[in-house]
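Peer 1: Could you have a look at this structure, given as structure tokens, before my questions?
The numbers here are math on the coordinates, done by the rules we state, and not lab data. Not measured: the values here are computed from a predicted model. Here Cβ is always computed from backbone atoms with ideal geometry, including for glycine, and neighbour counts include all displayed protein chains.
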Amino acid sequence: MNKLLANILIISFFCCAQVVGQEIDFGSYSSSYSVTLSDLSPSSDLDFGTVIQNEGVNTLTINDAKILSIEGVRYLDVIVDVTADSYLLKDGNPTCSSDPSCRIAFTIQSAYANKGQNNIGQAIIMNVIGQTASAQFPVKYRGNAPPGPPPTPVYVGYNPALFNETAYVYVYGSINVGNVDVGSYEGDITITVSYD
Amino acid sequence: MKGLVTFIFIIISGVAFAQAPDRVSAQINISTEAVQSIELITVNSMTVGNAQPGQELITINPITDLNAGFMIAVGTPQAEFRLDYFTERRLTQIGGPGFLIFRYFLSGSVLEEQSTSELFNTDNRNLRFNEEGRFYIWVGGEVNLSNALPGDYEGDFTIEIDYI
């Protein structure tokens, strides 16, 4: 019986060593820590204003970007995905997604700044694949320094403000206006943030 | 002993399947308004005609004078637009050194009826196309001939229309 138990324990530890690997993933504990995502101007759209039929490419630069703030534990990395609709649809009508006369192509661009300031001069452009811009970065930039200490455990009287920092995400892009019907066009961009 | 095996498995499972990290999301709307491109059609050019001997000032009233130029702007029905133009332009003498300064007066209306048009000034250049997407413009002006050399003069007139 004792021999049987020993075999079971050995098999179990091999199994779990492969799952965890060599990485110390502080994010495994990040459910104890909160992260918040806020739109700094929630009442406004990413608005291209009035465009003219067949106008071609119309771009909103980072200077015109929608800005969101990410507040989280400064030691931790966050994974940010910014996913946009491929087309703005006339009056938001889904049937227009396959009708070139009532859709306007949209290309997403996004950047982040994690040096503690809302400063586009410090912004780093995110990689875009398809209609998703993605990046992984520490909430507070650490330069070439090694990763910081493990997050302070949540304890009685824990004050997250002492360990939090704010990073900023800039969302912008361009539309390509072809021979489309006149009218209002709209689409959505979804931003998701999680700890690594 | 069976109880001990069960306990060990619970611990290991707890590590392997740690809680999923928090995920927060937000949504942004993208919007734009597509409008029809603006066309400006010249129906009649302005006709100044010949000055009479001793005549120092030629005036073409855009609201009443049949010699006024006539243009139609075509755009998105009911859309607002702004109209801009240079109020003074230099006309150069054809084959000579002379020139004239022409002051333009424009009037406009949503009706195709010159007498209903209103004179534009710097305060009322934000306008709106009618329900057919049309706006009617008449072009007049005045020129002082007191220092003009005899001859023919020519010049151009630029008008800009942009959606607001």
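Peer 1: For B:Ile159, list long-range residues whose amide hydrogen, built 1.01 Å from N in the peptide plane, is under 5 Å from its own amide hydrogen.
Peer 2: none
Peer 1: Let me ask something else. In region A:94-182, what chymotrypsin sites (Phe, Trp or Tyr not before Pro) fall in a loop by DSSP, with at most 11 other Cβ atoms inside 10 Å?
Peer 2: A:Tyr155
Peer 1: Another one. Apply the Karplus curve 6.51 cos²θ - 1.76 cosθ + 1.60, θ = phi - 60°, to the phi angles in region B:30-42 and return the couplings in whole Hz, x for Gly and Pro.
Peer 2: For region B:30-42, the Karplus curve yields 10, 8, 7, 10, 8, 10, 6, 5, 8, 10, 10, 9, 8 Hz.
Peer 1: With r defined as the distance between the Cβ atoms of A:Arg142 and B:Leu119 and R0 fixed at 56 Å, what FRET efficiency is calculated, to the nearest 0.05?
Peer 2: Values: r = 66 Å, r/R0 = 1.19.
After rounding, the FRET efficiency stands at 0.25.
Peer 1: From the phi angles alone, apply the Karplus equation (6.51, -1.76, 1.60; θ = phi - 60°) to region B:141-152 and give each ³J(HN,Hα) in whole Hz, x where the residue is Gly or Pro.
Peer 2: Ordered by residue, 3J(HN,Hα) equals x, 9, 9, 8, 9, 4, 10, 7, 7, x, x, 9 Hz.
Peer 1: Given region B:29-163, what whole percent of its Cα pairs are spread farther than 18 Å?
Peer 2: Percentage above 18 Å: 58.
Peer 1: Starting from the 7 Å offset along Cα-to-Cβ, what nm value, one decimal, do you get for the label separation of B:Glu131 and B:Ala51?
Peer 2: Result: 4.7 nm between the two label points.
Peer 1: Toward the positive end of the charge dipole of region A:30-195, about the Cα centre and with charges on Cβ (Lys, Arg +1; Asp, Glu -1), which of A:Gly187, A:Ser44, A:Phe163 goes farthest?
Peer 2: A:Phe163
Peer 1: Run the paramagnetic zone check for A:Thr192: 7 angstrom along Cα to Cβ, then residues of region A:73-88 with backbone nitrogen under 13 Å.
Peer 2: Answer for this model: A:79-84.
Peer 1: Compute the acute angle (0 to 90°) between the alpha-carbon long axis of helix B:2-16 and the principal axis of greatest extent of the alpha-carbon atoms of chain B; round to the nearest 10°.
Peer 2: That helix lies at roughly 20 degrees to the long axis.
Peer 1: Right, next: Starting from the Cα-Cα distance between A:Leu162 and A:Asn54, subtract it from 0.36 nm times their residue separation and give me the gain in nm to one decimal.
Peer 2: That works out to 33.6 nm of additional length.
Peer 1: Something else: Could you compute the FRET efficiency for B:Ile164 and A:Asn93, with r as their C-beta to C-beta distance and R0 at 30 Å, rounded to 0.05?
Peer 2: Here the calculated transfer efficiency is 0.70.
Peer 1: Given H placed on each backbone N at 1.01 Å, which residues far from A:Val154 in sequence or on other chains put an amide H within less than 5 Å of it?
Peer 2: Answer set, sorted by chain and number: none.
Peer 1: Please list, by residue number, every one of the trypsin sites (Lys or Arg not before Pro) in region B:63-164 that is coil in DSSP and has at most 16 other beta-carbon atoms within 10 Å.
Peer 2: Sparse-neighbourhood loop trypsin sites (Lys or Arg not before Pro): B:Arg125.
Peer 1: Another one. Pop out the ³J(HN,Hα) list for region A:183-196 in order, Karplus 6.51 cos²θ - 1.76 cosθ + 1.60 with θ = phi - 60°, rounded to Hz; leave Gly and Pro as x.
Peer 2: x, 8, 10, 8, x, 10, 10, 10, 10, 10, 9, 8, 6, 5
Peer 1: Treating only the Cβ atoms of Lys and Arg (+1) and Asp and Glu (-1) as charged, compute the dipole magnitude of region B:72-164 about its Cα centre; round to the nearest 20 debye.
Peer 2: Its charge dipole is roughly 220 debye.
Peer 1: Can you give the net charge of the other residues whose Cβ lies under 11 Å from the Cβ of B:Gly141, counting K and R as +1 and D and E as -1?
Peer 2: Overall, the nearby charge balance is -1.
Peer 1: So for region B:29-163, taking the charge dipole from beta-carbon charges (+1 Lys/Arg, -1 Asp/Glu), which of B:Thr32, B:Gln78, B:Asn144 sits furthest toward the positive end?
Peer 2: Of the listed residues, the answer is B:Asn144.
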